[in-house]
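Input: a single structure, listed below in C-alpha cells.
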Amino acid sequence: MAKKNTFFEDEQIEKKIDIKQLGKTLKYILPYRNILILISVMLLVASVASLLPPRLLRLIVDETVVNKDYKQLILVCSGLVVLAAIEIISTFIQTRSMGKIGMNIITNIRKDIFAKLQKLAFDYFDSIPDGKIVVRVTEYINGLADFFSNYVMMFAIYLVKLVVVTVFMLSINPMLTLIVFATVVPMLVLVMKLRSNLRPRYSQLRAKNSNRAAFLVESIMGEQIVKNYNRIDTNKDIYKQIHGEECITTWWNILKRSKLNGPIVQIFWHTGTLAIYGVALSMILGGNDLVTAGVVITFTSYMSHFQDPLNQLTVIIQELAQVSSNLERVFDTIDHPLVLKEKAHAVVFKDVKGKVDFNDVTFAYEDDINILEHFDLHVKPGEQIALVGPTGAGKTTVINMLTRFFDVKAGSVMVDDVDVRDATLRSLRKEVGVLMQDPFIFKGTIIDNIRYGKKGATDEECIAAAKTIFADKFIEKLNGGYYHELEERGSGLSAGERQLVSFARIVLKNPSVIILDEATSAIDTETELLIQQALEVLLKGKTAFIVAHRLSTIRHCDRILYIRNKGIAEQGTHEELMAKKGYYYDLAR
C-alpha cells in the first residue's frame, strides 16, 4: 500500500493546554512521589531563604547603619551568608533530584513508545510518514525531557515564590504592595496576550519541522531514485520551500513577536519602580514613619522577585501548551489501539505439520475496497503452492494474512486447524518464515544479520546456514568474512548478496511453513540455480507458498494458483494450466 502523502499537512495548527494529556503522565510520575515530597520541602526552604535577604537588607539600612552597630552588622552579614548557603544547597539538591526523576520519566516513555511501535500493525506505518514517527520518538520526547527536568521544578519554585513574596510585602506595607500589583498585573495581561498570539505559531513551527523531517527521511531513503530521475534540483526546491519559506519564515515571525516581551517588561518595571519611589517619598514627606529608606529598597527588591516569577510563569505556561501538544502526539502512538491482539489464552504452536486453510476469506486494506472476496484455499502438509497473477491482485495479501500481518475482514485462516487469531503471534511467526523481495539488512556483521533468523544461534550454526544456500562463496571474499561490518541497509552488498543473507536467515530459522515473496527476483540466473538446489533441501517436507514471475521458480510446484478478480481464477500444475491455455498460459508466453 502506498503511504499517504502528508508532508505538507500540518499535524496541528493551534493547541491549548490539554490537562487530559498531562494527566496521562501521572503513571510515570507517581513511582517517584516520595522523592517529590522531599524535593517540595527543599523547594519551600530554598524559596524562603532566597526571599529573606531583602528583609535583612532593610534591617541594615534602617537600624544597623543608623545606630552604627557593627556587631549587628556582622550578625546580619553572617545571616546573609547562611541564607545563601541554604539556598545554594537546597537548589542543588532539587535540581539534581528533579533532573534524575525527569530523565527516568522520559526513559520510561521512550521505552513504552518504542515497545508500542514494535507491536503496531503495518497500517499504522502506512498512514504516517516515517520522518514524522521519528520526530515523535526523538524531538518531541527531547522537548518533554527538558520540560520534566527543568520546567516542572521552575514552575513550582516560581509559584511558591509568588505566594511567599506576596505575604512578605503585605506584612511590610499594604499600600506599596498595591502599587506592585497595579504595575505587574497589566504587564502580565499584555505578556499573556503576546504569548497567546505566539502559541499557534509555535504549533505551526512544530508541524512544519515535522514535515521537513518526513521529507528528509524519504529523500535519503530514495536517494538512488532521486539521482536516477534527475530530481536533485526539484528536491532542492521542495526543501527550500519547506525549510526556508515555511520553517524559517514561521520562526522569524515568532522571533519578532517574542522580542516584544523584553520592552513590555522593562516599561512596566521602570514605571513601577518610579511609582514606589514617588509614593514612598510623598508618605515620608507627609510624616509617615512606616515608610523608610530600607522599606523602599526592600520593596524594590521584592518587586523584582515578584515580577520575574510572573514573567517566567508565562513562558512556562506557553511551554506547557507546547508540551501538552507534543504529549498528544506521543500518547497517540503509545495509546494507539492494537489491531492485532492476542487472546488471553492464546494457543502456542508446537510441532506444526503445515496444514493451511483459507476459509471463505474476505479482506480489504481500505473500507469497501475488497482485495479478496470469499477466498477458499486448502493446502496439505508439505504441499508447495505458487501464487501468480497481475500486480495488485492479492498475492502478497494472501501471505500477509497467513503471517497475520493483517487480519481477515471475514472468514478465517487456519494452520493445523487452529485459527491464526487464536494463536500467539510469537509462535505463529516462529513456524511461518517469510523471504521478501527486498530484504532488510541491519547495521552490523554478516553473521549477526544471519543470526536474526534464530536468537542465540552459535556462529557455527550461522555459517552452516550460509553454506546451505551457497552464500559462503561471496561472504568469504569479504574483508573479515562472516565478521565483515555492514553499514545501514547492507550498503556495499549487491541486491543478490543481500538476498542471500536473508536466505541464510530462513535456513537458520527452519520454519514449518515457508513463504517466498519474489525472493529470487534480485538474484542472477547462475545463483538462482544454486538456490534452487538449496530450496529442494530446505522445502522438503514443508508447506511452501511461492510468489514469483520466473517459471523456473514455480513450474515444479504441486499447485499453481492464478489470482485474479478477488479470488482464484485458475489452479493446477504447470502442465495442466498450460494445456488449459487460459490466464496462466498467457502469462507463461
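The values are calculated or read from the model by the stated rules, or taken from the named source; none is laboratory data. Keep in mind it's a predicted model, so treat the numbers as computed, not measured. Cβ: placed from backbone, ideal geometry, glycine included. Neighbour counts: every protein chain shown. Areas reflect the complete protein model, heavy atoms only, side chains present, ligands, DNA and RNA absent. Shrake-Rupley method; radii C 1.70, N 1.55, O 1.52, S 1.80 Å.
Is it the case that the range 7-15 has a residue that's of a type in the set (Lys, Arg) and either open to solvent by 80 Å² or more (accessible area, probe 1.4 Å) or modelled with pLDDT of 80 or more (or both)?
Keep residues of the range 7-15 that are of a type in the set (Lys, Arg), which gives 15.
Then drop every residue that is not either open to solvent by 80 Å² or more (accessible area, probe 1.4 Å) or modelled with pLDDT of 80 or more (or both), which leaves none.
No; the residues of the range 7-15 include none that is of a type in the set (Lys, Arg) and either open to solvent by 80 Å² or more (accessible area, probe 1.4 Å) or modelled with pLDDT of 80 or more (or both).
Filtering the range 248-300 down to residues that are part of a helix (DSSP H, G or I) and among the charged types (D, E, K, R), which residue is surrounded by the fewest Cβ atoms within 10 Å (Cβ to Cβ)? By that ranking, first place goes to 256. The C-beta contact set for the range 364-384 (first residue within 17 Å of residue 570 (Cβ to Cβ) and modelled with pLDDT of 90 or more, second residue open to solvent by 70 Å² or more (accessible area, probe 1.4 Å) and among the hydroxyl-bearing types (Ser, Thr, Tyr), distance under 8 angstrom, 6+ apart or interchain) is empty.
Selection over the range 468-494 of residues that are buried (at least 17 other Cβ atoms within 10 Å of the Cβ) and closer than 11 Å to residue 443 by Cβ gives a count of 2. Screening residue 422 against (1) more than 24 Å from residue 506 (Cβ to Cβ); (2) surrounded by 16 or more Cβ atoms within 10 Å (Cβ to Cβ); (3) within 37 Å of the chain's Cα centre (by Cα) leaves a single unmet condition, (2). Of all residues in the range 348-376, those satisfying the criterion of being β-branched (Val, Ile, Thr) and in contact with a Leu (Cβ under 8 Å, 6 or more places away or on another chain) are 356, 361, 362.
For the range 83-176, which fully contained helices (runs of 4 or more DSSP H) count at least 2 residues that are open to solvent by 40 Å² or more (accessible area, probe 1.4 Å) and either more than 30 Å from residue 242 (Cα to Cα) or among the acidic types (Asp, Glu) (or both)? Walk me through how you get there before you give the answer.
On the way: elements: 122-127, 130-135, 141-146, 152-172.
Passing ranges, in order: 152-172.
If you go through the range 534-564 one residue at a time, how many are in a helix (DSSP H, G or I), open to solvent by 80 Å² or more (accessible area, probe 1.4 Å) and touching a residue at least 24 places away in the same chain (Cβ under 8 Å)?
First, the residues of the range 534-564 that are in a helix (DSSP H, G or I): 534-538, 551-554.
From what's left, open to solvent by 80 Å² or more (accessible area, probe 1.4 Å): 536-537.
Checking the rest, the ones that are also touching a residue at least 24 places away in the same chain (Cβ under 8 Å) come to 537.
Residues in the range 534-564 being in a helix (DSSP H, G or I), open to solvent by 80 Å² or more (accessible area, probe 1.4 Å) and touching a residue at least 24 places away in the same chain (Cβ under 8 Å): 1 in total.
Within the range 519-526, is even one residue hydroxyl-bearing (Ser, Thr, Tyr) and open to solvent by 40 Å² or more (accessible area, probe 1.4 Å)? Within the range 519-526, one or more residues are hydroxyl-bearing (Ser, Thr, Tyr) and open to solvent by 40 Å² or more (accessible area, probe 1.4 Å). Kindly indicate whether any position in the range 260-269 is within 29 Å of residue 139 (Cα to Cα), among the β-branched types (Val, Ile, Thr) and modelled with pLDDT of 75 or more. Within the range 260-269, not a single residue is within 29 Å of residue 139 (Cα to Cα), among the β-branched types (Val, Ile, Thr) and modelled with pLDDT of 75 or more.
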